[in-house]
Amino acid sequence: MVVADNRAYDYSRHEYLEQPMQQEKILPKKNRKKKPKHRGHIMNIAFVFAISILLIARYAYIAEVNFNNKQLDKQIKQAQTENTDLNVQLMKSVNLENLEKVAIEKLHMQYPDVLNQIVYVQVQEIEADVAASNDYHSVEDTQENKYLASARNVIGDVLKILE
């Protein structure tokens, strides 16, 4: 009897399935490859984001300070122009003719009489030898004893008038 060749069926797959399954080599925990974690990427992104926010906040603060400076400059210019205007008004209001008129009419002032009311005073300079004499009172003397020095000055002035 001749065995028919039956190639219609492929038994190789069946034989493959019947073979004892080889267990995959399980690497010990130390040698096992670790999967890359996304935590490092997230931390990098968070760091860049934080730096960006910090820079933007800093530029916003600088812009605000510049804006405030410009506003203060405008206020200074306004105050200066107002000050100039007020000075001009003051100069216009202080007219010497009006001042003379008010002094004569309202305050009843008058010009001095040349012969009777004008007195000329001659001032003598104190020389070094006069300063060393007893008639002269130095700053140290008046600081040491103010009352005695002022009394001496008054008596000296009275004696000069009587001479």
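Below are the figures for this structure:
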| read-out | value |
| --- | --- |
| Two-site label geometry, I45 and E100: point separation in nm, points 7 Å out along Cα→Cβ | 9.0 nm |
| Net charge contributed by nearby residues that have their C-beta within less than 15 Å of V121 (K/R +1, D/E -1) | -1 |
| Neighbour net charge for N98 - beta-carbon separation under 14 angstrom, K R +1, D E -1 | 0 |
| Shape of the stretch 44-125, Cα gyration tensor, a/c cut at 1.5 | prolate |
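Every read-out reported here was derived from the displayed coordinates using simple, explicitly stated rules and does not represent laboratory data. Everything numeric in this text was worked out from a predicted model, so none of it was measured. Every residue, glycine as well, gets a Cβ built from its backbone with ideal geometry; the counts of neighbours run over all protein chains shown.
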